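These notes concern the structure reproduced below.
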Amino acid sequence: MRIFIDTANIEEIEKAAQLGVLDGVTTNPSLLAKEKGNYKDILRRICEIVDGPVSAEVTALDVNGILAEANDLTRIHKNIIIKVPVTREGLIATKQLSEKGIEVNMTLCFSPLQALLAAKAGAAYISPFVGRLDDVSHNGMDLIEQIVQIYDNYGFETNVLAASIRHPLHIVDAALMGADVVTVPFKVIEQMIQHPLTDVGIKKFLADWEKVKKD
Ligand code: G3P
């Protein structure tokens, strides 16, 4: 399973990249709005740090606008892939972009049927939002399971990118269900590393080793 980081914060991306386990980055307008500076410069810097797909989202809602923004964003760096919401216009634009060889990450997916349409339109990635479904009392992980099953049934090559991840158990479940990618906020990447028994174990090993050194 590939691990992307879900942020536009350069410091977080640099720290996560140092771990050597980062395969890509997802951004969205809300994440970019949190950062200071020109969004294109931020996206370019992200692409320099991470050698993998970097999702940049369009804000236009009509086909022509989406295509124009996609054209603009892909010029920033070869790592940029285009994030497009699953809408009627988004599907039409995705079909055209994918036919041109431009990778699209269809986002704001909340149903298996949206995911089916995204795959048929040629999206390279589908982003089901797990946490936001949990927020409204639907089990977000059920959606991941359904999409993985549907894509397997028909051999769709669209990658299932579990998004809106809020805690480590979402990642465990996504991995067990066979999601291709998980995009994780920095805080949750740090939580993935930690285990209290690892800390206790290190403390004990070091205490025992101190005794040996004294003997
Ligand atoms: O990248 C989009 C997605 O991961 C958003 O997550 O936490 O805002 O629902 P969240």
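Looking at region 147-168, I want the residues that are within 16 Å of the ligand (Cβ to nearest atom) and have a partner that is part of a loop (DSSP other than H, G, I, E, B) with Cβ atoms under 7 Å, at least 6 apart or on another chain. Which pairs are those?
Pairs that qualify, where the first residue is within 16 Å of the ligand (Cβ to nearest atom) and the partner is part of a loop (DSSP other than H, G, I, E, B), are Asn159/Ala124; Asn159/Asp180; Val160/Ala179; Val160/Asp180; Leu161/Asp180; Ala162/Ala179; Ile165/Pro185.
Can you name the condition, by its number, that Ala175 falls short on among (1) closer than 26 Å to Ala70 by Cβ; (2) open to solvent by less than 70 Å² (accessible area, probe 1.4 Å); (3) in a helix (DSSP H, G or I)?
Single failed check for Ala175: (1).
Is it the case that region 150-157 has a residue that's in a loop (DSSP other than H, G, I, E, B), acidic (Asp, Glu) and either in contact with a helix residue (DSSP H, G or I) (Cβ under 6 Å, 6 or more places away or on another chain) or at negative phi (or both)?
Checked against the condition, which is being in a loop (DSSP other than H, G, I, E, B), acidic (Asp, Glu) and either in contact with a helix residue (DSSP H, G or I) (Cβ under 6 Å, 6 or more places away or on another chain) or at negative phi (or both), region 150-157 yields at least one hit.
Within region 20-68, count every residue that is open to solvent by less than 50 Å² (accessible area, probe 1.4 Å), away from the ligand (no atom under 16 Å from the Cβ) and either assigned to a helix (DSSP H, G or I) or modelled with pLDDT under 95 (or both).
The number of residues fulfilling the criteria is 6.
List the pairs whose first member sits in region 21-41 and is under 24 Å from Val181 (Cα atoms), whose second member is basic (Lys, Arg) and surrounded by 11 or more Cβ atoms within 10 Å (Cβ to Cβ), and whose Cβ atoms are under 8 Å apart, counting only residues at least 6 apart or on separate chains?
Final answer for the pair search is Asp23/Arg2; Gly24/Arg2; Thr26/Lys83; Thr27/Lys83; Asn28/Lys83.
Between Val181, Val188, which is within 20 Å of Ala17 (Cβ to Cβ), within 16 Å of the ligand (Cβ to nearest atom) and touching a Phe, Trp or Tyr at 6+ places or on another chain (Cβ under 7 Å)?
After ruling out the rest, the residue left standing is Val181.
How many of the residues making up region 169-192 are in contact (Cβ under 8 Å) with a residue 60 or more places away in the chain and not hydroxyl-bearing (Ser, Thr, Tyr)?
10
If you scan region 84-107, which residues turn out to be outside any loop (DSSP other than H, G, I, E, B) and open to solvent by 10 Å² or more (accessible area, probe 1.4 Å)?
Start the filter on region 84-107 by keeping residues that are outside any loop (DSSP other than H, G, I, E, B), which leaves 84-85, 88-99, 104-107.
Within region 84-107, Pro85, Arg88, Glu89, Leu91, Ile92, Lys95, Gln96, Ser98, Glu99 qualify.
Tally time: how many residues in region 178-199 are surrounded by 19 or more Cβ atoms within 10 Å (Cβ to Cβ), touching a helix residue (DSSP H, G or I) at 6+ places or on another chain (Cβ under 7 Å) and not in a helix (DSSP H, G or I)?
The qualifying residues number 3.
From the residues in region 129-144 that are more than 10 Å from the ligand (Cβ to nearest atom) and not hydroxyl-bearing (Ser, Thr, Tyr), which one is nearest to Ala179 (Cα to Cα)?
Ile144
Only one of (1) open to solvent by 10 Å² or more (accessible area, probe 1.4 Å); (2) assigned to a helix (DSSP H, G or I); (3) more than 18 Å from Thr7 (Cβ to Cβ); (4) not aliphatic (A, V, I, L, M) fails for Ser137. Which number is that?
Every listed condition holds for Ser137 apart from (2).
The values are calculated or read from the model by the stated rules, or taken from the named source; none is laboratory data. Remember, predicted model here, so these are calculated numbers, not experimental data. FYI the Cβ positions are ideal-geometry reconstructions off the backbone, even for glycines, and counts take in every protein chain you see. Areas reflect the complete protein model, heavy atoms only, side chains present, ligands, DNA and RNA absent. Shrake-Rupley method; radii C 1.70, N 1.55, O 1.52, S 1.80 Å.
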